[in-house]
Structure formats: structure tokens, C-alpha cells
Amino acid sequence: MKLIPLIAAGVVTLAAAVPAAHAQAGKTTAVIGMTLEPPGLDPTTGAAAAIGEIVHYNVLEGLTKIHEDGSVSPLLAESWHIEPDGRSYTFKLRKGVKFHDGEDFDASDVKFSFERAKAEGSTNKAKKAVFDNISRIDTPDPHTVILTLDQPDGTLLFRLGESTAVILDPKSADSAATRPIGTGPFRFESWAKGSAVTLTKWDGFRDARNVKLRRVTFRFINDPAAQVAALLAGDVDAIPRFQATQSVQQFRNDPRFEVRVGGTEGKTILAINNRRKPLDDVRVRRAIAAAIDRKALIDGAMDGFGTPIGSHMVPSDEGYVDLTGVNPYDPERARALLKEAGVTTPLNFTLTLPPPQYARKGGEIVAAQLAKVGINVKIENVEWAQWLSGAFKGNFDLTIISHVEPLDIMIYANPEYYFGYDSRAFRDLMAKYNASINPKERAKLIADAQRMLAEDAVNAFLFQLPQVSVSNKRLKGLWSSSPVFANDMSVVHWQ
């Protein structure tokens, strides 16, 4: 969710010399550029994805770890056993693990963290989806945790690898937003508000000998032109989620840099308020979807970076089905659907746009495309706080947003969610999906769920948010794709 203004085209002369390989190989520090500064550093109480970009897997760890390819492996848990009914998970924990303040890690910390996440008043964004489904937490010994679920959850091991499930110690949990203390390879050093967060290597980490960096600084640069300048000047070593996509070729042509393009969990959508007339008519929503040329939108707003999607999953998700053909670009069909719905054109709506380029620039393209079929939109640009207090509370007609949480199709089973999709059939389908532990049945059900959202045209599904990474070519180990928003610095090193 980031803003990318245009940068004037032109020839750039690169005067800086390519640094000597041996000089880079000896470096033990790295400066990573980020677009957004998080409001706090506790991902178990704050919703901002930028929190995890700094602390997840670096300072704070969970029972499992999600890798760049989306696979899951043990982290603070050594192993686990799942009962055949899918409702009981027994985790064996690593021994000898300590928190940065010297406190021992054991089963009581897991129990505390998960009970805190599911407690009344918890602001953990996974409270409803994950923690409220945990009916019991047993700790028969200091290195065993047994989770009993109300309903089977085939995604639980993945969910426990997200930043919302990191383990905190009771003694330091209350101050985690300003001074997080975890079990990870780096410890929090400082936060210069408005500028940067600095982490330093923790020599007490269980695998410290394989952590090559001694200091990592996350520097906040929200202006795309400034991101370009910082990279060229060597003020930052990498920007894993580079915003100035129109400058990508410039960096591809520069021998000092490596450019990699991957994907994220960002499902970029034109969200539609299903509660408001005439948007409560599926024919009107289908007309809106048919009026949008996804390719032109990706080319115009994202400089060609992005993959079209037809429902609320991305191609890297397990069980993804390509449904872009359900509501293809077809202006004539859009006009026919509006006529069939009996609405008088031109229809007039407000299109609310938060700051990122995919929204602001994309909104202009969408508005022009809708106008061609008799739908006029008034663009309303808002800041994030306004979007969260307005559109996200249901006060909108249309808005463009990218949902970056992984495997979040369950939001459509909540009629109170901001776009107001109220379908008993979808809720029943997702209940069957969550209750099933049969892989073939789950694959069929999740495919059916995607198709239902596409056919109901709940929203106009646009494209997968890309991840464009630009880095010093000798800095190795950064992710090129993000199944979760994290920068795992434990394996990053200079070549």
C-alpha cells in the first residue's frame, strides 16, 4: 500500500565507481529502505504490515516459520503432531532458547502469548481467524504445548508462522510496541522516529555463528524519487519493496544493482459497497467488473508489473484458480448488464482513493474506463487515517485497496466487513472448508469459494501486487517474493 509519483524521464549518468568485491565481502552492516514507518513494533497488537517488515523473524519468532516459497518449517517448535480429527496439535518446543533479556523461553510463554491474543479487548488482527478458535492450551511440561481447536483449521501451521503469532515473554510484552524483546537473531537497539529503526546482532542467539550481519538499519523513505536517489548515492543497500517502478530499467542497466521481480499476497481490488443501491444488484457489480481492462490498468498504474486476478487469491496461493475469464473486459456486456438491471445512466458514484500509486494512479484509469460504459465517478483522495475511519468502516461507494494478508478469503464470510458481502451460501461453504482435513475436498471447496466470489462480483478483482526489489548486487539473501511481509535478515550477507 504505497505511493509512487512519476519521476521525470531522462538519462542519468552514474559517476560512482563499482565498489571492490573484497570491500563489500567484509561488510557486516546493511541499510534497508522501507516506504512506511510502522506506528509501533508489536505485531500482536498492531495491524500495520510494516511492523513485520522490521521485527518478524529478526527480533520476534513464532512456533513455525514461513519461507519465501510459502512453505512452513519448525522455528521455536522443533516438531508437531496433529490428531486425525484435525482439532488437536501437539508442539515440542526447542530447549535452551532465551529471550534477549535473559529470560528462558518455555511453554508458559506460548500459553501467555496465545491467551493474550484471544483475550477480550485484544487488538491482534488474527484474533477472530486464529486465536478465538483455540479452545484450550495445555502445557504438560515446559517444552510441550497442546492446542485444542473448536474447529479443524488446515492453515494453522501457516498462521502460527505469521507475525501475529510471535511469542512474547510476560515480563516484556507490555512494552513490545516501543522496545520489542524476542528470541530472534537480532535485538532492538533504537528507533529514531520519522527516520529509522536499528537492530544489532544478538550473540546469545542459538545459531549466532551463521548470522553474518552485526547491524541492520531500516530507513523510512516514502517518496519514490527519494528512494531512487538513496539507492544511487549508496545511502541504502536495498529496497525490497521498491516503489518507483518506472525507474526499474535504469537500475537494470546499472552494474551496481540487482533487480528482482516477485509477488506478494496483495490482492488489489476495486472494492464495492454491496449494501448500497444499486451496487447491491449483482448485475451492476458485474457491469463494473466488465468495464475494467486489467491489462491497461497494470500497464498504466504499475508500469506493467502485476498479474491479473479474478477472485480473492493470488497465483502463489495453494488452491488458486485462474478466474479472470469469469468477468472479462467487455464494455458492451457492461452496458447490457446496466440496461438489464434497469438503472438510469449515467450512474454517479464516489471513488475513494488512499495514498498508494496502485490506488491513486489506478483510480484515474478505472474512472476513465467506467465512464465509457455510463458510470461516472467522483475521485476523493484521502490519507490512510481517513480511509481507515471512512471507507474501512463502510462509508464509501467504491475504493481501490490491496489486501496483503495471506489466505484471507475468510473476510468474505463476515457480513460486517467493510464491503458488506452477506451470503449464507458462502459462509456455509467456508465452514465446510475449515472443517475438512481431506486435501482433495479442501482443494475443491476453496476452488468453489473463489468461483462464488467471482460470479457474485463481490468486488472487481484487479491484480496481484508485485514485489520489485532493488539492491546492491553483492547483498545476497533478501527475499524476492513475500508470502508474508517480512525481511528475514538472518541469512542476508555480503558477497
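The values are calculated or read from the model by the stated rules, or taken from the named source; none is laboratory data. These numbers come from a predicted model, not from an experiment. Cβ placement follows ideal geometry from the backbone for every residue including glycine, while neighbour counts extend to all protein chains displayed. The protein model used for the area step is the full one, side chains on, heavy atoms only, and it has no ligands, DNA or RNA in it. Shrake-Rupley method; radii C 1.70, N 1.55, O 1.52, S 1.80 Å.
With every atom except the alpha carbons ignored, what do you get for Rg and Dmax of the stretch 254-376, in angstroms?
Calculated on Cα positions, Rg and Dmax stand at 16.1, 59 Å.
Using a/c under 1.5 as the rounded threshold, could you call the stretch 302-432 rounded, prolate or oblate? The axes a ≥ b ≥ c are square roots of the C-alpha gyration tensor eigenvalues, and prolate needs a/b larger than b/c, oblate otherwise. List each step's numbers first, then the result.
On the way: a/c = 1.34, a/b = 1.19, b/c = 1.13.
It comes out rounded by the Cα gyration axes.
If I ignore ligands, DNA and RNA and count only protein heavy atoms, how much of Arg424 is accessible to a 1.4 Å probe, in Å² to the nearest 10?
In the full protein context, Arg424 sits at about 140 Å².
Among 257-263, 268-274, how do they line up from the highest to the lowest mean number of other beta-carbon atoms within 10 Å?
Listed from highest to lowest mean packing, they are 268-274, 257-263.
Modelled label-to-label distance, Lys476 and Ala385, 7 Å Cα→beta-carbon offset: nm?
The modelled label-to-label distance comes out at 4.6 nm.
How fast does the stretch 77-193 diffuse by Stokes-Einstein, in µm²/s, taking the Kirkwood radius from C-alpha pairs at 10 °C and 1.306 mPa s?
Value of D from the Cα-based Kirkwood radius: 106 µm²/s.
With only Lys, Arg, Asp and Glu charged, each at its Cβ (+1 for the first two, -1 for the last two), find how big the charge dipole of the chain is about the Cα centre; round to the nearest 20 debye.
Working: 58 positive and 58 negative charges, 165 e Å.
With only Lys, Arg, Asp and Glu charged at Cβ, the dipole is about 800 debye.
How much of the accessible area of the stretch 126-279, in percent, comes from carbon and sulfur atoms when a 1.4 Å probe is used? Could you put the intermediate results ahead of the total?
Working: 2740 of 5900 Å².
The value for the stretch 126-279 is 46 percent carbon and sulfur by accessible area.
Just grab the label-to-label distance for Ala47 and Asp132, each label 7 Å out from Cα along the Cβ direction, in nm (one decimal).
Those two pseudo-labels are separated by 1.4 nm.
List the trypsin sites (Lys or Arg not before Pro) in the stretch 365-413 that DSSP assigns to loop (not H, G, I, E or B) and whose Cβ has at most 12 other Cβ atoms within 10 Å. Which are they? Walk me through the numbers on the way to the answer.
Working: sites: Lys372, Lys378, Lys393; in loops: Lys372.
Within the stretch 365-413, the qualifying trypsin sites (Lys or Arg not before Pro) (loop, at most 12 other Cβ atoms within 10 Å) are Lys372.
If you roll a 1.4 Å probe over the heavy atoms of the protein chains, what accessible area per residue do you get for the chain, in Å²? Kindly include the intermediate steps, with their values, before the conclusion.
Working: 20100 Å² over 495 residues.
Normalised by residue count, the accessible surface of the chain is 41 Å².
Computed over the Cα atoms of the stretch 357-438, what is the convex hull's projected area averaged over all directions, in nm²?
Taking a quarter of the hull surface, the average projection is 7.3 nm².
Using a 1.4 Å probe on the protein heavy atoms, what percent of the accessible area of the stretch 398-459 belongs to carbon and sulfur? Please report the intermediate quantities before stating the final value.
Details: 1370 of 2530 Å².
The value for the stretch 398-459 is 54 percent carbon and sulfur by accessible area.
Place the peptides 177-186, 119-128, 334-343 in order of packing, highest mean first, counting for every residue the other Cβ atoms within 10 Å and averaging per peptide. Before the final figure, lay out each step's value.
On the way: 177-186: 22.7, 119-128: 14.7, 334-343: 17.9.
So the peptides 177-186, 119-128, 334-343, ranked by packing, come out 177-186, 334-343, 119-128.
So what is the 222 nm mean residue ellipticity for the chain from helices alone, if each DSSP H run of at least 4 adds -39500 (n - 2.57) and you divide by all residues, rounding to the nearest 500 deg cm²/dmol?
-7000 deg cm²/dmol
Leaving out same-chain residues fewer than 8 places away, which lysines sit with a Cα under 27 Å from that of Lys372?
Reachable lysines: Lys267, Lys277, Lys295, Lys339, Lys361.
Multiply the residue separation of Ile437 and Asn222 by 0.36 nm, subtract the distance between their alpha-carbon atoms, and state the gained length in nm to one decimal.
Working: separation 215, 0.36 × 215 = 77.40 nm, distance 4.33 nm.
Difference between extended and current length: 73.1 nm.
Taking the square root of 5 times each eigenvalue of the Cα gyration tensor, what semi-axes in Å does the equivalent ellipsoid of the stretch 159-228 have, largest first?
Details: eigenvalues 114, 60, 34 Å².
They are 24, 17, 13 Å, listed from largest to smallest.
Pick out, from Gly300, Pro315, Thr345, the residue whose Cα sits farthest towards the positive end of the charge dipole of the stretch 284-370, with +1 on the Cβ of Lys and Arg and -1 on the Cβ of Asp and Glu.
Among Gly300, Pro315, Thr345, the one farthest towards the positive end of the dipole of the stretch 284-370 is Thr345.
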